[in-house]
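Right, one structure below, let's go through it.
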Amino acid sequence: MALYVYMFNESMQNKAYCNTDGDFLLCPQLGTLDIQTEMGMLYVQPGEICVIQRGVRFAVRMVEGESACRGYITEVCHAIDRITIRPCLVLVVGTD
């Protein structure tokens with residue numbers, strides 16, 4: 001298990017990230033995240049969490065009007081079979 005702090009002030013343009021080591025648990029503290037995955041879009045506000053499973057490609061955008069985003073990422077490696085994750089948000093599939 002690893003814990004990261006993230007901070008950014010610009011959206012990912014024409015780029016995506018894929019973590020093949022473990023699952024990400026994103027916890028925004030400041031700013032709202034607009035996350036696009038292979039399976040659809042997620043809108044994550046401070047006080048909510050988002051789980052992105054290992055091997056899923058995703059891009060993170062800032063919501064219009066935000067100047068910066070900050071929060072925490074917990075990476076769970078090799079132990080995900082011991083954790084029960086229950087979905088909290090409905091995934092809305094969008095097409096470009």
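Within segment 11-24, residues that are closer than 23 Å to ALA68 by Cβ reach partners that are β-branched (Val, Ile, Thr) with beta carbons closer than 6 Å, at six or more positions or on different chains, in the pairs MET12/VAL60; PHE24/ILE52; PHE24/ILE73. I want to confirm something. Restricting to segment 24-67 and keeping residues that are modelled with pLDDT of 90 or more and among the acidic types (Asp, Glu), which single residue is surrounded by the most Cβ atoms within 10 Å (Cβ to Cβ)? The extreme case among them is ASP34. Residue selection: TYR43 satisfies the criterion of being in contact with an Asp or Glu (Cβ under 7 Å, 6 or more places away or on another chain) and either more than 20 Å from LEU3 (Cβ to Cβ) or part of a strand (DSSP E or B) (or both).
The values are calculated or read from the model by the stated rules, or taken from the named source; none is laboratory data. Predicted model only: the values in this text are computed from it and were never measured. Note that we place each Cβ from the backbone using ideal geometry, even for glycine, and neighbour counts take in every protein chain shown.
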